[in-house]
Amino acid sequence: MSRATPLRVASDTQDDPASLLGPTPLIASDDPAIVAFADRVVGDASAPVERARCLYYAVRDEIRYDPYSIELTPTGLSATRCLAEAAGFCVTKAALFVAVARAAGIPARIGFADVRNHLATGRLRALMGTDTFCFHGYADLYLEGRWVKATPTFNIELCERFRVRALDFDGRHDAMLHAFDADGRRHMEYVNFRGVFDDVPHATIIPTFRALYPGMFDGDRVKGRGDFAAEAAAERATFVAGNP
C-alpha cells in the first residue's frame, strides 16, 4: 500500500462510539427493513463480534455487487435503496453494513479510500476512463474496544467468476481487499484514504464522481448500464482460453 493520508472523522463526537449507534439520513439504521434484516441475520447471536460476522457475510453475499447500479442522488447512495434492490456497489454496500451493524447495537461508521482496481472489466474501465476508483467504501465497526475495518463489497459468486479470493471477516482483524487474486495477479491497491464519516458524504461524492468520470453517466445513472457478472465471466473465459 502506498503512503496514505491519516483517517479522519466527520465531527468531534465521532471518537465516542456511543455517538455512532443511531440513524443518519443515508444510513437509516432505524428503517423497518434494515432492522428486520439485522434481526433475521443475527438470530440468537449475542456477542457483538459474532453479530458482526453474521451481518458481514449476509451483506457480502446476499447483496449483489453491481457497479452499474450507481445512482448519483442521495437516495441512490443510501443503505435502504441498496437493501431494497439487493444490489449495490462499494459505497452502498458499506452503508448497508454500517446500518445493520448499528441496528444490531454495534457502533459503526463508513470509511472511504481511493483504490486502483486491476480486475475491473474492460467495459467498466472504458466508461470510467481509468482503473482508479475514488471513494471506495468500507465499514468501520467498534468491536472489543477498538475499530475494525471490513469491506463487504464483492459477493462470493462474483469472486468465483473473477477468481478473486472471497474476503473473510472474523470480527477482530481488518478485512480489506486482497492485493492479489487467486492466480497471483494484482487485484486491488489502496492509494489514498479519504476518512471516516457518520453518514455517506453524498454532497462530496456526487460532484467528485461527475468530475472524475465524465463519460460514465447519463444524468444520474450509469450510461447504458450492463451485466457486470456476465462481463466478468466472459473475460475470465477469455483469460483461461489464452492461458491453458
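The values are calculated or read from the model by the stated rules, or taken from the named source; none is laboratory data. These numbers come from a predicted model, not from an experiment. Quick reminder, even Gly has a Cβ in these numbers, built from the backbone with ideal geometry, and neighbours come from all protein chains shown.
Answer with yes or no whether Thr121 is farther than 24 Å from Ala79 by Cα, in contact with a helix residue (DSSP H, G or I) (Cβ under 6 Å, 6 or more places away or on another chain) and at pLDDT below 95.
Working: farther than 24 Å from Ala79 by Cα: yes; in contact with a helix residue (DSSP H, G or I) (Cβ under 6 Å, 6 or more places away or on another chain): yes; at pLDDT below 95: yes.
Criteria met by Thr121.
Which condition number in (1) touching a strand residue (DSSP E or B) at 6+ places or on another chain (Cβ under 9 Å); (2) within 14 Å of Val59 (Cα to Cα) is the one that Ala166 fails?
(1)
Kindly indicate whether Glu189 is at negative phi, out of contact with any helix residue (DSSP H, G or I) (no Cβ under 7 Å at 6 or more places or on another chain) and in contact (Cβ under 8 Å) with a residue 24 or more places away in the chain.
Details: at negative phi: yes; out of contact with any helix residue (DSSP H, G or I) (no Cβ under 7 Å at 6 or more places or on another chain): yes; in contact (Cβ under 8 Å) with a residue 24 or more places away in the chain: yes.
Yes; evaluated as a whole, the condition is true for this residue.
Right, Ala126: crowded, with 21+ Cβ neighbours inside 10 Å, more than 14 Å from Asp61 (Cα to Cα) and among the hydrophobic types (A, V, I, L, M, F, W, C) or not? If you could, list the steps in order and put the result at the bottom.
Working: crowded, with 21+ Cβ neighbours inside 10 Å: no; more than 14 Å from Asp61 (Cα to Cα): yes; among the hydrophobic types (A, V, I, L, M, F, W, C): yes.
The answer is no for Ala126.
Can you pull out the residues in the stretch 198-211 that are of a type outside the set (D, E, K, R) and in contact with a helix residue (DSSP H, G or I) (Cβ under 8 Å, 6 or more places away or on another chain)?
Step one: list which residues in the stretch 198-211 are of a type outside the set (D, E, K, R), which gives 200-209, 211.
If the condition is that a residue be of a type outside the set (D, E, K, R) and in contact with a helix residue (DSSP H, G or I) (Cβ under 8 Å, 6 or more places away or on another chain), then Val200, His202, Ile205, Ile206 are the ones that fit.
Any idea which residue in the stretch 172-211 is nearest to Ser78 (Cα to Cα), counting only those that are of a type in the set (Lys, Arg) and modelled with pLDDT under 80? Walk me through how you get there before you give the answer.
Of the stretch 172-211, the ones of a type in the set (Lys, Arg) are 172, 185-186, 194, 210.
From what's left, modelled with pLDDT under 80: 185-186.
Values: Arg185: 33, Arg186: 30 Å.
By that ranking, first place goes to Arg186.
Within the stretch 162-199, track down each residue that is among the aliphatic types (A, V, I, L, M), surrounded by 14 or more Cβ atoms within 10 Å (Cβ to Cβ) and part of a loop (DSSP other than H, G, I, E, B).
Of the residues in the stretch 162-199, the ones among the aliphatic types (A, V, I, L, M) are 164, 166-167, 175-177, 179, 182, 188, 191, 196.
Remaining after also requiring surrounded by 14 or more Cβ atoms within 10 Å (Cβ to Cβ): 164, 166-167, 175-177, 182, 188, 191, 196.
Result: Val164, Ala166, Leu167, Met176, Leu177, Ala182.
Enumerate the pairs (first residue in the stretch 231-244 and of a type in the set (Asp, Glu); second residue anywhere and at pLDDT 60 or above and buried (at least 17 other Cβ atoms within 10 Å of the Cβ)) with beta-carbon separation below 7 Å, excluding pairs fewer than 6 apart on the same chain, so at least 6 apart or on different chains.
If the second residue must be at pLDDT 60 or above and buried (at least 17 other Cβ atoms within 10 Å of the Cβ), the pairs left are Glu231/Thr121; Glu235/Thr121.
Find the residue count for the stretch 55-64, including only residues that are in a helix (DSSP H, G or I) and either crowded, with 19+ Cβ neighbours inside 10 Å or among the polar types (S, T, N, Q) (or both).
Start the filter on the stretch 55-64 by keeping residues that are in a helix (DSSP H, G or I), which leaves 55-62.
Still in the list and also either crowded, with 19+ Cβ neighbours inside 10 Å or among the polar types (S, T, N, Q) (or both): 55-56, 58-60.
Counting residues in the stretch 55-64 that are in a helix (DSSP H, G or I) and either crowded, with 19+ Cβ neighbours inside 10 Å or among the polar types (S, T, N, Q) (or both) gives 5.
Where residues in the stretch 200-231 are among the aliphatic types (A, V, I, L, M) and part of a loop (DSSP other than H, G, I, E, B), which of them is farthest from Leu20 (Cα to Cα)? Even if it seems obvious, please write down each step before you answer.
We begin by selecting, within the stretch 200-231, every residue among the aliphatic types (A, V, I, L, M); these are 200, 203, 205-206, 211-212, 216, 222, 229-230.
Now drop any that are not part of a loop (DSSP other than H, G, I, E, B), which leaves 200, 216.
On the way: Val200: 13, Met216: 34 Å.
Among those that are among the aliphatic types (A, V, I, L, M) and part of a loop (DSSP other than H, G, I, E, B), it is Met216.
Just to be sure before I move on: is Asp131 surrounded by fewer than 15 Cβ atoms within 10 Å (Cβ to Cβ) and within 25 Å of Ala104 (Cβ to Cβ) in the structure I sent? Talk me through it step by step, then tell me what you get.
Details: surrounded by fewer than 15 Cβ atoms within 10 Å (Cβ to Cβ): yes; within 25 Å of Ala104 (Cβ to Cβ): no.
Answer is no for this residue.
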